[in-house]
1. Quickly run through segment 330-354 and pick out the residues that are surrounded by fewer than 19 Cβ atoms within 10 Å (Cβ to Cβ), among the hydrophobic types (A, V, I, L, M, F, W, C) and closer than 21 Å to Leu215 by Cβ.
2. Restricting attention to segment 298-326, which residues are of a type in the set (D, E, K, R) and surrounded by 15 or more Cβ atoms within 10 Å (Cβ to Cβ)?
3. Please enumerate the residues belonging to segment 262-273 that are touching a Ser or Thr at 6+ places or on another chain (Cβ under 8 Å) and either assigned to a loop (DSSP other than H, G, I, E, B) or not assigned by TED's automatic domain parsing to the domain that holds Ala283 (or both).
4. Does Val259 meet the test of being farther than 24 Å from Glu72 by Cβ, touching a residue at least 24 places away in the same chain (Cβ under 8 Å) and not assigned by TED's automatic domain parsing to the domain that holds Pro56?
5. Can you confirm whether Thr82 is in the same structural domain as Pro111 (by TED's automatic domain parsing), surrounded by 11 or more Cβ atoms within 10 Å (Cβ to Cβ) and at pLDDT 90 or above?
6. What is the number of the single condition among (1) in contact with a helix residue (DSSP H, G or I) (Cβ under 6 Å, 6 or more places away or on another chain); (2) modelled with pLDDT of 95 or more; (3) aliphatic (A, V, I, L, M) that Val269 does not meet?
7. Yes or no: Ala54 surrounded by 18 or more Cβ atoms within 10 Å (Cβ to Cβ), outside any loop (DSSP other than H, G, I, E, B) and at pLDDT below 90?
Amino acid sequence: MDWRGTVTKAAGAVIALVLLALVAGQLLGQPVLLSYVTTGSMEPTIAAGDGFVAIPAEAAGPIEEGDIVVFEAEEIQGGGLTTHRIVEETDRGYVTRGDANPFTDQDSGEPPVKREQIVAVAWQVGGEPVTIPYLGTFAEGVQSVVQAAQLRLAGLLGTRSLLGTQGLAYLIFGLTVVLYAADVWFSNDRRRDRSRGRDRGLSARLLVGVMAASLVLAATAAMVAPAGPQSFEIVSAEFESERSDVIQQGTNETLQYTVGNGGQVPVYVYFEEGGENVDMRPASFTLAGNDVRNGTLTLTAPPETGTYRLFLTEYRYLGVLPEPHVRTLYELHPWLPIVVIDALIGVPFYVVGIALVGSGRVRRRDRDGPTAVDRLLARLR
């Protein structure tokens, strides 16, 4: 292979990795390897429309002053993911500010940022984040096209299941199947390019790999998207109140907490309490398909009066392993069950797919030769 082919393949791999990271981030609702900013609040460090390498908060280690973090804001531009720098750590949480802003977010009405709100940390080398010019502009354009396609298809088919992050996973998988079928169909009218001595069809490994990746993305989204931290804002008051969010100091309030599973695959749900002022019972659930269960959440008001935000973090995992195995993995690290479950879904799919369709090119080698579908059907007989 000459250097041009090597460079072309390397560039294609990088582009594929970027697209995969952006799609995964869209499905999961949080950055995966890459993120970007849409405003100039972080200039000149990160320009509007530029991207940066984002390390998931669970793997980033301790959060320190000077870190650039992606967090779930409550007030900034109506709430949502925001990328700003931590300028101070207090007992109530982190104080954040955009590098281009004269005031902190907390001066503008945003409550101090809790550790549970931080979803990613920008990777910095020598004190400067690793940025990717125009990545955000590219991502916004792709997202607009994808959303328009989702709306169009949902309208044509009369279903809302193609909308949102789960619908995106369906579209990725469906597009892969369509590309595979189209390649096999058109191969019926093509001959092998004998002058070049090779078949130039699509790689079966690539097609099966993309299909396996789409399944893994859909499974990961089903576990991550409905989970995450839940915030409860309470007022510790000197008096009793009929309102559930106003609790007399030093006492507690009991609430009903509902957990549901809208899919067909059973899920295991575990809760991590964000401090001694939060108590969830039971601490875990096993939910069958389309199941709904109720738990008891107890919030305790601190001795000092004031407004507080309490957090309860929910983790959920598809029930493809026995619950004791999932619990053991969860106790080692909350991400470990997701990695193992994804491997159990993706790896067998890829191996079986390659065993059925082969590892060559998905194209008829000659007019009388078998296609990949012919080989697959022959193996199933």
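The values are calculated or read from the model by the stated rules, or taken from the named source; none is laboratory data. This one's a predicted model, so the numbers in the text were calculated from it and none came from an experiment. Ideal geometry is used to build each Cβ from the backbone, glycine not excepted, and the neighbour counts take in all protein chains shown.
1. Hits for segment 330-354 are Trp335, Leu336, Val339, Val340, Ala343, Leu344, Ile345, Val347, Phe349, Val351, Val352, Ile354.
2. Arg309, Glu314, Arg316
3. Pro266
4. So Val259 fails the test.
5. Judged against the criteria, Thr82 is a match.
6. Here Val269 clears every test but (1).
7. So Ala54 fits the description; yes.
Conditions tested, residue by residue: (1) within 16 Å of Val37 (Cα to Cα); (2) touching a strand residue (DSSP E or B) at 6+ places or on another chain (Cβ under 8 Å).
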position: Arg92; (1), (2): no, no
position: Phe103; (1), (2): no, yes
position: Gln106; (1), (2): no, yes
position: Pro111; (1), (2): no, yes
position: Val121; (1), (2): yes, yes
position: Glu128; (1), (2): yes, no
position: Arg152; (1), (2): no, no
